[in-house]
Structures are given as C-alpha cells and as structure tokens.
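What follows is one structure encoded as structure tokens, with my remarks underneath.
Quick note: the coordinates plus some simple rules give every number you see, no bench work behind them. In this text, all values refer to a predicted model and were calculated from it rather than measured experimentally. All Cβ positions, glycine included, derive from the backbone under ideal geometry; neighbour counts span all protein chains shown.
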Amino acid sequence: DVKVTQSSRYLVKRTGEKVFLECVQDMDHENMFWYRQDPGLGLRLIYFSYDVKMKEKGDIPEGYSVSREKKERFSLILESASTNQTSMYLCASSLLRGYRNQPQHFGDGTRLSIL
Amino acid sequence: AQRVTQPEKLLSVFKGAPVELKCNYSYSGSPELFWYVQYSRQRLQLLLRHISRESIKGFTADLNKGETSFHLKKPFAQEEDSAMYYCALSGAFGTGTRLQVFP
C-alpha cells in the first residue's frame with residue numbers, strides 16, 4: 001500500500017517566517033502534489049511535480065515555492081508566511097509521470113497556523 | 001479548462017434513506033472522474049473511479065456525458081457513511097459535500 005508521509009500534523013509559525021512542509025512517498029511514484037484544503041473551497045492545487053527538479057504551478061502558487069531534489073520527497077516552502085496561509089496542507093502522489101488522469105494517494109495533512 | 005461543481009455543501013439524511021451526491025463537470029476531452037472520501041480524522045482516500053464501474057461500500061457513480069454529470073449514489077445510507085466527499089476530474093477537485101447520516 002502506498003504511504004505518503006507528511007512530516008508534521010500540526011505546525012504553528014509566526015508571520016514573516018520561512019516555513020518548510022515536507023512530504024515523502026515510498027512507492028516510487030512519479031508525480032507529487034501540494035494542495036491546500038479550506039472549508040467551502042475544497043482542494044486547491046498549489047504546485048505539482050512530475051520528475052525530480054521539475055515543477056509546475058497549480059491554481060494558487062503565489063506565496064509558495066517547492067523543491068523536489070529526490071524522487072520520493074517533495075517540499076512546500078512558504079517564503080514569508082502570512083496569516084492568510086493558515087490552512088490544512090495536503091500532499092499527494094500518483095504513479096505515472098505527467099499523467100493527471102489517475103488516482104492520487106494522500107498524506108494525513110499538515111494543519112498550519114500562522115500567527 | 002476543466003471544472004468540477006458540487007452544488008451541495010451539506011447533505012443530511014436518515015439511516016436507510018437513499019443518497020445522491022451531485023457532481024457536474026466541464027471538460028472538452030474524454031473525462032476521467034473520481035470520487036474521494038475523507039472520514040473524520042482520516043486521510044483523503046479514493047472511493048471509486050468511473051472507468052472501474054465498480055461498487056465500493058455500496059456506492060456507485062455513473063458517468064452521464066449528455067448531462068456532464070457523475071453523481072454518487074447509494075440506495076441505503078449508513079451512519080458510517082458520514083464523511084466529506086469530493087468529486088475530481090483530472091486532478092481538479094470540487095468544493096466537496098459533507099454527508100451527515102443520522103440514526
């Protein structure tokens with residue numbers, strides 16, 4: 001069974017801090033994704049990556065960046081955290097490179113609060 | 001551009017009642033649609049996908065290209081079906097519908 005692990009379940013940071021959210025998958029999946037999940041807004045794609053060092057912007061990339069130095073690890077970076085980035089962040093992975101029409105496997109999520 | 005609409009934020013039913021969670025989509029090609037479910041304090045997980053044409057936990061979903069819909073149905077709701085349900089199209093997710101099943 002695919003395991004997607006997010007490094008923290010809960011995180012509290014201050015405005016202006018640089019924040020790193022880490023995600024690791026153990027099934028050699030090609031694609032990895034970062035979403036934020038907000039009530040009434042559903043899941044919104046921030047960034048995704050279909051290969052090491054490759055990334056593509058999703059629907060709401062502003063204020064975020066990502067890093068994929070190894071196939072199994074995908075990091076989300078908040079360059080200068082702001083209160084409107086308080087949210088639940090979900091990491092996901094899927095098997096085939098670049099092909100978005102396939103099931104995604106999700107981590108447990110990181111609930112990030114920016115004070 | 002692809003788009004998924006789930007018109008209901010909340011659906012409340014009693015145990016044993018039929019359930020239909022609505023999902024409409026817009027997509028120019030051949031869509032591949034999914035339903036995901038998130039139970040309380042659990043991770044989001046795949047419930048079913050339209051190409052599988054299978055029933056999972058008593059749920060089914062039929063793709064209707066004429067109406068551009070992919071509604072999720074279950075004839076008799078159970079309390080354990082209470083969860084958040086998301087319809088997804090090629091990685092684009094709807095806003096979700098919370099299903100509450102009362103005893």
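Taking amide H atoms as placed 1.01 Å from N in the peptide plane, the amide H of residue B:59 has no partner under 5 Å among residues 5 or more positions away or on other chains. For the stretch A:50-115 versus the stretch A:1-27, the inter-centroid distance based on Cα atoms is 9 Å. The mean number of Cβ atoms from other chains found within 10 Å of a Cβ in peptide A:36-48 is 4, as a whole number. Spacing of the modelled spin labels on residue A:73 and residue B:2, each 7 Å from Cα toward Cβ, amounts to 3.0 nm. Restricted to Cα atoms, chain B shows a radius of gyration and a Dmax of 12.9, 42 angstrom. Among A:111, A:9, the order by Cβ neighbours within 10 angstrom, fewest to most, reads A:9, A:111. Going from the fewest other Cβ atoms within 10 Å to the most, the residues A:90, B:10, A:11 appear in the order B:10, A:11, A:90. Length gained on full extension, residue A:96 to residue A:15: 25.4 nm, using 0.36 nm per residue less the C-alpha separation. Taking amide H as placed 1.01 Å from N in the peptide plane, the amide H of residue B:48 sits under 5 Å from that of B:35, each at least 5 places away or on another chain. Our analysis of chain A gives Rg over Rh at 0.94, with the two radii drawn from alpha carbon positions and Rh computed by the Kirkwood formula.
The rule of thumb for compact globular proteins, 2.2 N^0.38 Å, goes into the C-alpha radius of gyration of the protein assembly as shown 1.03 times.
With the alpha-carbon atoms of the stretch B:15-72 aligned to their principal axes, the span from lowest to highest coordinate is 36, 26, 18 Å, starting with the largest. Rounded to whole numbers, the Karplus 3J(HN,Hα) couplings from phi for the stretch A:23-35 are 9, 10, 10, 10, 10, 6, 6, 7, 9, 9, 9, 10, 10 Hz, using 6.51 cos²θ - 1.76 cosθ + 1.60 with θ = phi - 60°, and x at Gly and Pro. Computed about the Cα centre, the dipole magnitude for chain B is approximately 160 debye when only Lys and Arg (+1) and Asp and Glu (-1) carry charge, each at its Cβ. If only the Cβ of Lys and Arg carry +1 and only the Cβ of Asp and Glu carry -1, the dipole of the protein assembly as shown around its Cα centre is close to 240 debye. Cβ crowding within 10 Å ranks A:5, A:110 as A:5, A:110, fewest other Cβ atoms first.
Between the amide H of residue B:23 and those of B:70, B:71, B:72, distances stay under 5 Å, these residues lying 5 or more places away or on another chain, with hydrogens modeled in the peptide plane.
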